[in-house]
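The values are calculated or read from the model by the stated rules, or taken from the named source; none is laboratory data. Worth saying up front: this structure is predicted, and the values here are computed from it rather than measured. Cβ: placed from backbone, ideal geometry, glycine included. Neighbour counts: every protein chain shown. All accessible areas refer to the heavy atoms of the entire protein, side chains included, with ligands and DNA or RNA removed. Shrake-Rupley method; radii C 1.70, N 1.55, O 1.52, S 1.80 Å.
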Amino acid sequence: FWTLAELYIFDIKSINGAKHVLAAAPFYNLDKNTKFKKKFKNTLYVKAAKMYIKAIGDPPRKSESVLTQKWDNQNFDQRFWDIWKVASTPSEKRQQRYLNVSPGACLALCFAWLELFRAGLKAAVSVFEEYIFNRLRDVNRGDEMTTNVIVKGGHQHEWLCMAYVRLITYHSNLNPTPPRIKREALIRCLKDFPCNGYMLSEFVKTEAKDSHITTRLRRHFDRALDDRGGMVNVSPLLYLYATSWELDRPGGRHRIISVFEKGLKSKARSTVAIWRLYMRYLVSIGHYQAAKSAFYRAFHACPWSKVLWIDGISLLSSVKEHTEYYEQALLDEAEFRDLTKIIMEKEIRIHCVDMLNEV
């Protein structure tokens, strides 16, 4: 149901079709031959909302959902899936359409979108707060309530956070919405998933509208990249976003170099894209010797990358370092020949006749 509703919302852009699917989801019945009506009765929305609440259920330790109660009943068929259980076996994955989330998460998301179309953003956010985020439990606490909770920091939690941000973004693009709502949602979700690409891109777009304000985004990057208080293994994607954000900022040169150096001391040192960007940035600001040093460090860290060798040699060969009395190529002929010997030892095939003639 959610896959079909998502198709109507974002691809076909048919709100009436999405409403029809979302209203039919809690009844688990969708007539394919039924034409979508232009108007829906309010009674249908009320019935659908009641069925959503009945099927999803309140958070644990208050009241369990109908399907969970049936699951715990000895007379109930054990082959029926638990609504908040994420697929683990191949048969369950086929049954749940190979999603890394439970049917309950999809059903709750349908409920949130139905409330968005029916009563607005405030009602949709309340669905996330009351029926989704209240189910979050730590891993060490999940062993005692595994049937009706969402494991904090898991794939399902991340998927729901992305859906939460996507819903607010959709509404803010069509209706006047205070930027504070989306900003608070992003800050909240990025605390648990600081390396999520989608939420990082939305955060950068949101903060880019207020070009004079940089503290919030810098604070997030500092917290995530801090050696003492941040994550031990940070995704290279976070370093790329942190450097790209500072490119057009005044006084960001030293900060960009600091972020690059910090990334190259972590597991991101095996990421070729970061080395290539770092060398190009150093050349662009006139730090030629630092760029040369970064190139030698790069092929020691990633000797298997042909594009790194080509990019580094062509970049350094095209740079002329000017002194007081003469100009000198940054990569002389002796250094170039030494590099070609290393390339041959690594069994990397590179056609470099033009480069040699230029040197």
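Given H placed 1.01 Å from N in the peptide plane, which residues other than close sequence neighbours of Leu136 have an amide H under 5 Å from its amide H?
Ile150
Hey, for a label at Lys47 modelled as a point 7 Å past Cα toward Cβ, could you say which residues of region 2-24 have their backbone N under 13 Å away?
Taking a point 7 Å out along Cα→Cβ of Lys47, the residues of region 2-24 whose backbone N falls under 13 Å are 23-24.
Give the carbon-plus-sulfur fraction of the accessible surface of region 256-320 in %, rounded to a whole number; probe 1.4 Å, heavy atoms of protein chains only.
57
Once you put a point 7 Å from the Cα of Ser258 and another 7 Å from the Cα of Lys191, both along the Cβ direction, what distance in nm separates them?
About 2.5 nm, to one decimal.
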